[in-house]
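Okay, structure first, notes after.
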Amino acid sequence: MSSPGITVIIPTNRPARILEPCLCALNAQSVNDVSFEVLVVNDGGTHDLTSLADSMRARGLTIRVLDIPQRGPGPARNAGAAAAGGDLLVFTDDDCVPEPGWLVAFAASSQQHPNALLGGAVRNLLPHRLASEASQVLVEFLYAYYNRDPLDARFFTSNNMAARRDVFLGHGGFDETFALNAGEDRDLCARWREQGGRLVFVPDARIGHAHDLNARRFWEQHYRYGKGAASYWEGRRRSTGARLQVEPAAFYRDLLLYPLRHRTLPGAVASASLIGLAQVANALGFFVAAARWPVFSGVKTGR
């Protein structure tokens, strides 16, 4: 069976210099017989992407730029899915650098699991930035916790995700009510499973993430994540009647201990401290957002 045609969807509203390493990495993919196009969704950005797209096109990359009014990354990804020419949608972000075998790994897994939502591995490209490394450690922990069974995973980040176009659209795509860059990936994963779908982790589909964070941006990011979590749970309450579920105390204990077990000193201590700060920011964002909505119908603890 031949590999499906692929559309790589990249939402952005930032300068071309941020996007360029991602496009160069895509142009260097070891694709074998996999045909693919790149669809850059310019989400209301005012930066000129034409010159970069023309340059990459001259180097052999099949690339389009779709300009849309700014609505956020979830709606931008949906707009890309609607305009895609490929049978397989692969999502990443403008500050990500896919490794050479990225698309081949997703294409092979899609043939084995045609109805699944696929997720790949992410590594930090900025280990010298303490906040960037703490963010990476946090994602690693969440993947280890939620995706213990690669064939029955529970959570993927939207910067390294793939699905067949018809199946993605059938599941409703990303929920466009998530105005923040937070929570829409968690919501998609939950709905996919609730609707009888499966999540499959593809470890060979690897990308690097140049997520340039300092302490302030790290705090702001996790504050937004907290607000996104409140939106997620309010949506769950309205759509399914689900109650707010809090992970057991062991989850937070293991989260704080994870960098001490998987990183060397002194970086491990810095990561643990920043992860603790992230939980404070997350909780604050959650309660600020939740205070504006009806009282949740109850709180359930445990996984």
Query raised in the report: Which numbered condition trips up ALA182, out of (1) part of a loop (DSSP other than H, G, I, E, B); (2) surrounded by fewer than 20 Cβ atoms within 10 Å (Cβ to Cβ); (3) not polar (S, T, N, Q)?
Result: (2)
Query raised in the report: Being under 19 Å from GLY173 (Cα atoms), touching a residue at least 60 places away in the same chain (Cβ under 8 Å), surrounded by 23 or more Cβ atoms within 10 Å (Cβ to Cβ) and among the hydrophobic types (A, V, I, L, M, F, W, C), is that true of even one residue in region 63-85?
Result: yes
Query raised in the report: Across region 123-138, what is the total count of residues that are of a type in the set (A, V, I, L, M, F, W, C) and over 18 Å from GLU220 (Cα atoms)?
Result: 2
Report task. Within region 16-37, identify whether any single residue is within 29 Å of TYR225 (Cα to Cα), outside any loop (DSSP other than H, G, I, E, B), free of Cβ contacts under 8 Å to residues at least 12 places away in the same chain and open to solvent by 20 Å² or more (accessible area, probe 1.4 Å), and answer yes or no. Result -> yes
Requested in this report: Would you be able to say whether some residue in region 165-179 is outside any loop (DSSP other than H, G, I, E, B), within 24 Å of SER30 (Cβ to Cβ) and either open to solvent by 60 Å² or more (accessible area, probe 1.4 Å) or at pLDDT 95 or above (or both)?
Outcome: yes
Requested in this report: Kindly establish whether VAL200 is β-branched (Val, Ile, Thr) and without any contact (Cβ under 8 Å) to a residue 24 or more places away in the chain.
Outcome: no
**Report entry** Selected residue (criterion: nearest to the chain's Cα centre (by Cα)) from residues of region 114-123 that are surrounded by 17 or more Cβ atoms within 10 Å (Cβ to Cβ) and over 19 Å from HIS209 (Cβ atoms)
**Finding:** LEU117
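This table checks each residue for (1) without any contact (Cβ under 8 Å) to a residue 60 or more places away in the chain; (2) closer than 23 Å to ASP43 by Cβ.
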site	(1), (2)
LEU125	no, yes
ALA134	no, no
PHE155	yes, no
ASP166	no, no
ALA190	yes, no
ARG193	yes, no
ALA205	no, no
LEU213	no, yes
Query raised in the report: Among the numbered criteria (1) over 21 Å from LEU103 (Cα atoms); (2) open to solvent by 60 Å² or more (accessible area, probe 1.4 Å); (3) among the polar types (S, T, N, Q), which single criterion is violated by ASN42?
Result: (2)
Requested in this report: Could you tell me whether region 154-163 includes any residue that is in a loop (DSSP other than H, G, I, E, B), touching a Phe, Trp or Tyr at 6+ places or on another chain (Cβ under 6 Å) and open to solvent by 50 Å² or more (accessible area, probe 1.4 Å)?
Outcome: yes
Query raised in the report: (1) part of a strand (DSSP E or B); (2) under 20 Å from the mean Cα position of the chain (by Cα); (3) of a type in the set (Asp, Glu): which one isn't true of ASP94, the others all being true?
Result: (1)
Query raised in the report: Mind checking which residues of region 38-72 are in a loop (DSSP other than H, G, I, E, B) and among the basic types (Lys, Arg)?
Result: ARG59, ARG71
**Report entry** Qualifying residue in region 248-265 (condition: open to solvent by less than 80 Å² (accessible area, probe 1.4 Å) and of a type in the set (S, T, N, Q))
**Finding:** no
Query - Total residues in region 209-227, condition part of a helix (DSSP H, G or I) and not aromatic (Phe, Trp, Tyr) - result: 9
Query raised in the report: Any chance region 209-231 includes a residue that's open to solvent by 50 Å² or more (accessible area, probe 1.4 Å), in contact with an Asp or Glu (Cβ under 9 Å, 6 or more places away or on another chain), closer than 21 Å to CYS96 by Cα and at pLDDT 95 or above?
Result: yes
Report task. Check region 33-40 and report whether any residue there is modelled with pLDDT of 95 or more and in contact with a Pro (Cβ under 9 Å, 6 or more places away or on another chain). Result -> yes
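The values are calculated or read from the model by the stated rules, or taken from the named source; none is laboratory data. Worth saying up front: this structure is predicted, and the values here are computed from it rather than measured. No Cβ is skipped: glycine too gets one built from the backbone with ideal geometry, and neighbour counts run over all protein chains shown. Only protein heavy atoms, including side chains, enter the accessible area calculation; ligands, DNA and RNA are left aside. Shrake-Rupley method; radii C 1.70, N 1.55, O 1.52, S 1.80 Å.
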